[in-house]
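Notes follow once the structure below has been shown.
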Amino acid sequence: MVCDLSSGSKTTVSVIKADVGSVAGHHVVHPEQMVLARSCMEKAKKNGTIIDYHVFSCGDDLELLMTHRHGENNRTIHELAWNTFRDVTDKVSKPLKLYAAGQDLLSDTFSGNVKGMGPGVAEMEIDERKSEPIVVFAADKTEPGAFNLPLFKIFADPHNTAGLIIDPAMHGGFTYRVMDVLENKVVDLACPSEMYDLIALIGTTGRYIIEEVFRTSDGLLASVSSTTRLNLIAGRYVGKDDPVMIVRTQHGLPATGEVLVAFGFPHLVAGFMRGSHYGPLMPVALKNAKCTLFDGPPRVVALGYNICEGRLVGVHGSDPADLFDDPAFDHARTIANTVTDYMRRHGEFMPARLGPEELEYTTLPQVLEKLRPRFKKL
């Protein structure tokens, strides 16, 4: 394949995911779900709706990676994803009685954009550089704030990213767009000048979530993450949010290796069993992206591509480089297993279990309501 970079058209990369049912509990996507989803994507590619695609899974989440020319938040692309998830639910998940069929589809009808309807979305519209490497991340059994610490390391911490010191194009730092998911507001904070303000916010991972990162010198978009909080949409616990993220690398941005090393520390994230516990985020190969022990530990995968005139250039056609399929991450996985054992020995005592503000959408309020009449003033 030869790329023609003369067209000048912007390329949009969209990752849209949903839990539409899984095998043996919240475990793994069924092969027939993947087959049907690929069929839907292939039809869209043949009729010109999308340029290229890759269908993959992380745990019990079906992930649709698409490239196209329609821009972000496009009705046609979002409806394609919604209809794909609906078809998979109706034609595979329900007939096979898969667990939690259609769990992330919180509406019966499409309203023009899947944001706010359950599925997670990360999209970026870009002018392709001379070479356009990207890494697509997907996590299972955790919340969008799970990416806060790695994103801080990648774009603000010189101990993680040597390019912040060495590369003149990065020396001016990066600006973070942070979303307050409770107030539905965003704020832009530039690093390193506003680093302390940034940490003050994003350290509260359940409320302040990094949505986008830009290069401060010229506004070049470097990263975008999903920010969907299912419990805030549904008003009850319907499963953890399982975020996705796209990160551009190289050429005045962090190198691919600098991006990946941020996940070499399996930091504690909220989610795990019933979305109500803390556990380490374990970087794994695609083949190991299936949660078992206490429905965990939480997993993250990394798919490497180059974008060429909208096409996904992987190691075999549109098949990605499976970037965490590397013994270099064995130590991180060993630490994650050790930390999992340590956290689980706490049982249902904090800090293994989330705080009450994070449990208000679970059955805990029902327990408190049942016991309320029995509480007596001293």
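Some notes on this structure:
- Residue match in the stretch 82-96 (condition: under 26 Å from residue 295 (Cβ atoms) and under 20 Å from the mean Cα position of the chain (by Cα)): yes
- Residue within the stretch 275-288 that is in contact with a strand residue (DSSP E or B) (Cβ under 9 Å, 6 or more places away or on another chain), part of a helix (DSSP H, G or I) and over 28 Å from residue 124 (Cβ atoms) present: no
- Strands (runs of 3 or more DSSP E) wholly inside the stretch 121-224 containing at least 3 residues that are out of contact with any His (no Cβ under 9 Å at 6 or more places or on another chain), acidic (Asp, Glu) and outside the structural domain of residue 305 (by TED's automatic domain parsing): none
- Yes/no for residue 242 being more than 21 Å from residue 129 (Cβ to Cβ) and not in a helix (DSSP H, G or I): yes
- Residues satisfying the stated conditions in the stretch 282-322, i.e. at negative phi and either in contact with a helix residue (DSSP H, G or I) (Cβ under 6 Å, 6 or more places away or on another chain) or free of Cβ contacts under 8 Å to residues at least 12 places away in the same chain (or both): 282, 283, 288, 297, 301, 315, 316, 322
- Entry remark, the stretch 112-133: residues being among the hydrophobic types (A, V, I, L, M, F, W, C) and crowded, with 23+ Cβ neighbours inside 10 Å number 3 in total.
- Cβ-Cβ under 6 Å pairs, at least 6 apart or on other chains, the stretch 248-262 side on the phi > 0 side of the Ramachandran plot and in contact (Cβ under 8 Å) with a residue 12 or more places away in the chain, far side surrounded by fewer than 21 Cβ atoms within 10 Å (Cβ to Cβ) and among the aliphatic types (A, V, I, L, M): 252/169
- Any hit, the stretch 308-320, residues being at pLDDT below 95, in contact with a Leu (Cβ under 6 Å, 6 or more places away or on another chain) and in the same structural domain as residue 224 (by TED's automatic domain parsing): yes
- The stretch 152-172 residues that are surrounded by 15 or more Cβ atoms within 10 Å (Cβ to Cβ), paired with ones that are assigned to a loop (DSSP other than H, G, I, E, B) and at pLDDT below 95 (beta carbon under 8 Å, 6 or more apart): 164/171
- Flag if residue 58 is touching a helix residue (DSSP H, G or I) at 6+ places or on another chain (Cβ under 7 Å) and either of a type in the set (Lys, Arg) or modelled with pLDDT of 95 or more (or both): no
- Residue that is of a type in the set (S, T, N, Q), part of a strand (DSSP E or B) and in contact with a strand residue (DSSP E or B) (Cβ under 9 Å, 6 or more places away or on another chain), where the choices are 337, 306: 306
- Being hydroxyl-bearing (Ser, Thr, Tyr), touching a residue at least 40 places away in the same chain (Cβ under 8 Å) and closer than 28 Å to residue 287 by Cα is a property that does not hold for residue 217.
The values are calculated or read from the model by the stated rules, or taken from the named source; none is laboratory data. What you see is a predicted model, and the numbers here were worked out from it, not measured in a lab. Cβ coordinates were reconstructed from backbone atoms using ideal geometry, including for glycine residues, and neighbour counts include every protein chain displayed.
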